[in-house]
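Each reported figure results from applying straightforward, stated rules to the coordinates on display, with no laboratory input. Quick caveat: nothing in here was measured; it's all calculated off a predicted structure. Methodologically, a virtual Cβ is constructed for each residue, glycine included, from the backbone with ideal geometry; neighbour enumeration extends over all protein chains shown.
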Amino acid sequence: MQKMWTGRTSGELNEFADDFNSSISFDKKMYKQDICGSIAHATMLANQKIISVDDRDKIIAGLSGILADIDSKKLAISEDAEDIHMFVEAELTKRIGEVGKRLHTARSRNDQVALDLRMYLRDENQLVKKMLLQLIEVIANKAKNYSDVIMPGYTHLQRAQPILFSHHLLAYAQMFKRDYSRLQDALERMNYSPLGSCALAGTTYDTNRKMVADLLQFNGVTENSIDSVADRDFCVELLSCYSIIMMHFSRFSEEIILWTSSEFSYVQLDDAFTTGSSIMPQKKNSDMAELVRGKSGRVYGDLMAMLTVLKGLPLAYNKDMQEDKEGIFDGLKTVQDCLQVFVPMLDSMKVNKENMLNSCKTGFINATDLADYLTKKGLPFREAYKLVGSIVGKCVKEKLTLEDITLDEYKQMCELFDKDLYEEIALETCVNKRNSEGGTSKAQVAKQIEKLTEFLDYEKSLY
Ligand code: ARG
């Protein structure tokens, strides 16, 4: 295919080099943004009298036709073109003749690709944001529905203190809420139009960059033409956001995988999100959660690749930057896919309340409360800690729980013990007395849910 940039060279590329150079196989998904950007550009060119109104109309009609035909699959994007920008321009000239060649006035592919990518990511990330809200909502609803379930809270994966299952779940809601706001920040920061920066130095034409930015719903224009075509910080930022989302997902998945094991049996996944084994008939594997956990690896890889592509690149545009797209598209798609599978998987997950409660009965998870009991009666905490430690030691030896020891025995160990100690170390008391702000008590958990609901209601009203 004859190259549009034939002139300085013959434009006849070695066949493999031609393929190697081409980005259309992956940048074709930005066709809509490319065409909308061109329509705005043509509108501005006519407004500034750089092209005639007549030419503008022909160009816009041609571009709109191409968009409609691609959307309706009447027109296939040919992979012979070098990239989507060249494809659209060539198709336009094919349809409207010489006038099509005026479109690329006061523009370069360098600012064009920077524009298209920002617009594409801006659009696609709205979906990510919406899906994050759905996820947070599912967590909040689960927390509401299981508000009386007590489970052991862990540190070092050892039973530590009793907590509400809702409290544990809501910890993830906080993570995803931060992810949402991080994504929002990144999107806000990148929403400036680079178009009009041209190859790198701006243009001699009397353009109106602000007009293009307004037409395309940007917050404004970028301030330095060299930076505008060299900047891919927004890809790095988005991939960082995706990496953090995936890190959160991998922790959540890991817990679900543990909880579905026979050793824990805390939760049950719906059959629609598990698989069997080809050899072991008894198996019900949490493959979706495992895949989500595993896919964090590829997203971290996408982030590292992007950072490495940009490292040491001289200003302004370099073809290395064409390597931005596959990674960012992969990271984006992976996060979208993970959200799509995780939200209904979590929504349909059932909780084995009894098993969680039974786990609380062993492991002395109320030992802190027994020490606190003595401390509140005047014993210094360090001494109370030591005494309770020795009581736990005795229980372990004699295969008893703290509740099994009689009041007489307790009194022999310390006269501060009284019959109200049993009430004090009951699991529900342990949970509900942790009423400090953000603690695990029912009241504090209800507050968290209330705040989350406010957040969700407000954010959802924006769409
Ligand atoms: N396909 C190119 C990319 O993705 C578009 C920009 C090409 N610019 C250039 N000067 N060759 O980066």
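Full extension of the chain between Asp80 and Ala171 yields a length gain of 27.7 nm, computed as 0.36 nm times the residue separation minus the alpha carbon distance. Proximity of backbone amide H atoms, modeled 1.01 Å from N, is registered between Ala160 and Gly153, Tyr154, Thr155 at under 5 Å, excluding neighbours fewer than 5 places apart on the same chain. Scanning residues 5 or more positions from Ile150 or on other chains, those with amide H under 5 Å from its amide H are Phe165, with H placed 1.01 Å from N in the peptide plane.
DSSP assigns beta bridges within the chain; of those with both partners inside it, close to 80 percent run antiparallel.
So what is the relative contact order of the stretch 349-455, in percent, for Cα pairs below 8 Å that sit 6 or more residues apart?
Details: 72 pairs, mean separation 23.1, N = 107.
22 percent.
Work through the residues other than Ile150 whose Cβ is under 14 Å from its Cβ and net out their charges, Lys, Arg +1 and Asp, Glu -1. Provide the component values of the computation, followed by the final result.
Working: positive: Arg159, Lys353, Lys361, Lys433, Arg434, Lys442; negative: Asp148, Glu354, Asp369, Glu428.
Residues close to Ile150 contribute a combined charge of +2.
In the chain, taking the dipole from charged Cβ atoms about the Cα centre, the farthest positive-side position among Leu374, Ile139, Leu92 is held by Leu374.
Going by neighbour counts of Cβ atoms within 10 Å, the residues Lys397, Lys130 line up, fewest first, as Lys397, Lys130. Among complete DSSP H helices in the chain, those whose alpha-carbon atoms stretch at least 20 Å along the helix's long axis and whose mean Kyte-Doolittle hydropathy reaches -1.0 are 31-47, 53-71, 109-145, 165-190, 233-260, 287-310, 324-347, 381-398, 442-461. Residue exposure proxy: Lys350, Lys447, ordered by other Cβ atoms within 10 angstrom of their Cβ from fewest to most, comes out as Lys350, Lys447. Taking label points 7 Å from Cα along the Cα-to-Cβ direction, Lys283 and Lys394 give a separation of 4.9 nm.
Step by step: find N for the stretch 365-463, compute 2.2 N^0.38 Å, then divide the Cα radius of gyration by it. What's the final number? Intermediate values should be presented prior to the final figure.
Values: Rg = 18.9 Å, N = 99, 2.2 N^0.38 = 12.6 Å.
Output field value: 1.50.
Estimated from helical segments only, the mean residue ellipticity of the chain at 222 nm is -20000 deg cm²/dmol, where each DSSP H run of four or more residues counts as -39500 (n - 2.57).
Taking the Cα centre of the chain as origin, work out the dipole magnitude from +1 charges on Lys and Arg Cβ and -1 charges on Asp and Glu Cβ, in debye rounded to 20. Please report the intermediate quantities before stating the final value.
Numbers: 58 positive and 69 negative charges, 87 e Å.
In total the dipole reaches around 420 debye.
Averaged over every viewing direction, what's the projected area of the C-alpha convex hull for the chain? Give it in nm², one decimal, please.
Its average projected convex-hull area is 30.2 nm².
The ranking of Ser461, Ser286, Ser359, Ser38 by Cβ neighbour count inside 10 Å, starting from the fewest, reads Ser461, Ser359, Ser286, Ser38. For the stretch 167-315, what's the relative contact order in percent, using C-alpha pairs closer than 8 Å and at least 6 residues apart? 22 percent.
Backbone amide hydrogens, once placed in the peptide plane, bring Val221 within less than 5 Å of Ser193, excluding anything fewer than 5 places away on its chain.
How much net charge surrounds Asp55 when only the other residues with a Cβ under 12 Å from the Cβ of Asp55 are counted, with Lys and Arg +1 and Asp and Glu -1?
Numbers: positive: Lys49, Arg56, Lys58, Lys101, Arg102; negative: Asp54, Asp57, Glu98.
Result for the local shell: +2.
Enumerate the residues in the stretch 173-187 having an amide nitrogen under 18 Å from the point lying 7 Å beyond the Cα of Glu254 toward its Cβ. Answer for the stretch 173-187: 173-176.
In straight-distance terms, cross-link reach from Lys210 covers every one of the aspartates and glutamates whose alpha-carbon lies under 16 Å from its own, apart from those fewer than eight places away in the same chain; here that gives Asp111, Glu223.
What size of dipole, in debye to the nearest 20, comes out for the stretch 352-453 about its Cα centre when the only charges are +1 on Lys and Arg C-beta atoms and -1 on Asp and Glu C-beta atoms?
360
Taking a sphere under 11 Å around the Cβ of Leu462 and counting the other residues whose Cβ falls inside, with K and R at +1 and D and E at -1, yields a net charge of +1.
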